[in-house]
1. Could the peptides A:34-42, B:56-64, A:85-93 be put in order, highest first, of the mean number of other beta-carbon atoms found within 10 Å of their residues?
2. Can you give the mean number of other chain Cβ atoms that lie within 10 Å of the Cβ atoms in peptide B:97-104?
3. Quick one: if you stick a label point 7 Å off each Cα along the C-beta vector at B:GLN1 and A:MET88, how many nm between them?
4. Taking R0 as 22 Å, what's the FRET efficiency between A:GLU56 and A:GLU22 from their Cβ-Cβ distance, rounded to 0.05?
5. Could you compute the net charge surrounding B:TYR39? Neighbours are other residues with a C-beta less than 14 Å from the C-beta of B:TYR39; K and R count +1, D and E count -1.
6. Sorted from fewest to most neighbouring beta carbons within 10 Å, what does the list B:ARG28, B:ARG93 look like?
7. I'd like the mean, over residues of A:41-54, of how many other protein chain beta carbons sit within 10 Å of each residue's own Cβ.
8. Using 17 Å as the cut-off for backbone N distance, which residues of the range B:65-106 belong to the label zone defined by a point 7 Å from the Cα of B:GLU45 along Cα→Cβ?
Amino acid sequence: DVKVTQSSRYLVKRTGEKVFLECVQDMDHENMFWYRQDPGLGLRLIYFSYDVKMKEKGDIPEGYSVSREKKERFSLILESASTNQTSMYLCASSDLSGSSYNEQFFGPGTRLTVL
Amino acid sequence: QKEVEQNSGPLSVPEGAIASLNCTYSDRGSQSFFWYRQYSGKSPELIMFIYSNGDKEDGRFTAQLNKASQYVSLLIRDSQPSDSATYLCADSRGYSTLTFGKGTMLLVSP
């Protein structure tokens, strides 16, 4: 059974803290994604990676960075957390890069609150 | 920038009725389209994908694609209360990324 796991379901941090969100997939997928989901704004792509050590900006990369040192692991980093980064963060992975069919499998999400 | 538009709803239907969820997209070059279901507090899960004009059926679900009108729909026959969720439409863009609509909330009443 395909599986994407995220390090925390709930996280509370203070403004200015450095925050790490971890995502691991066990499907040997090439592609991994980080989204945030906010009421009324839907799912928005922050960063994605199509190979180890490769990263590409999504639609809203400001205030975030990512790291992919191993194929199965993709980390989202908030260098200095701010209250407007309070959100649900979803990680996803997919196979068959370049194909027209690229189902993304989602992790359970991390609800981050920045105080 | 590519856009995918959905009515936010809620769309309310009685149990046993057909629920019709609609989506429009801005990029004429879009090739593939996806419908995800998201229960409250859960992550999205894929229901169907479609890349050819016409209808694609899977059980109680039918996806319809009209590329000329840039329109995708999802029909749910014999709707059940367990179908109550938010339905996300997405289209495929480069590097295997997806552009998601904001989702339509469906409420099926017993």
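Rule-based calculations on the coordinates, nothing more; no lab input. Here the structure is a predicted model, which means the values were calculated and not measured. As a convention, Cβ positions derive from the backbone with ideal geometry for all residues, glycine included, and neighbour counts pool all protein chains shown.
1. A:85-93, A:34-42, B:56-64
2. That works out to 6 on average.
3. 2.1
4. Details: r = 19 Å, r/R0 = 0.88.
With a Förster radius of 22 Å, E is 0.70.
5. Result for the neighbourhood of B:TYR39: 0.
6. Values: B:ARG28 8, B:ARG93 17.
If I rank by nearby Cβ atoms, fewest first, I get B:ARG28, B:ARG93.
7. 3
8. From the range B:65-106, the list is B:80-89, B:106.
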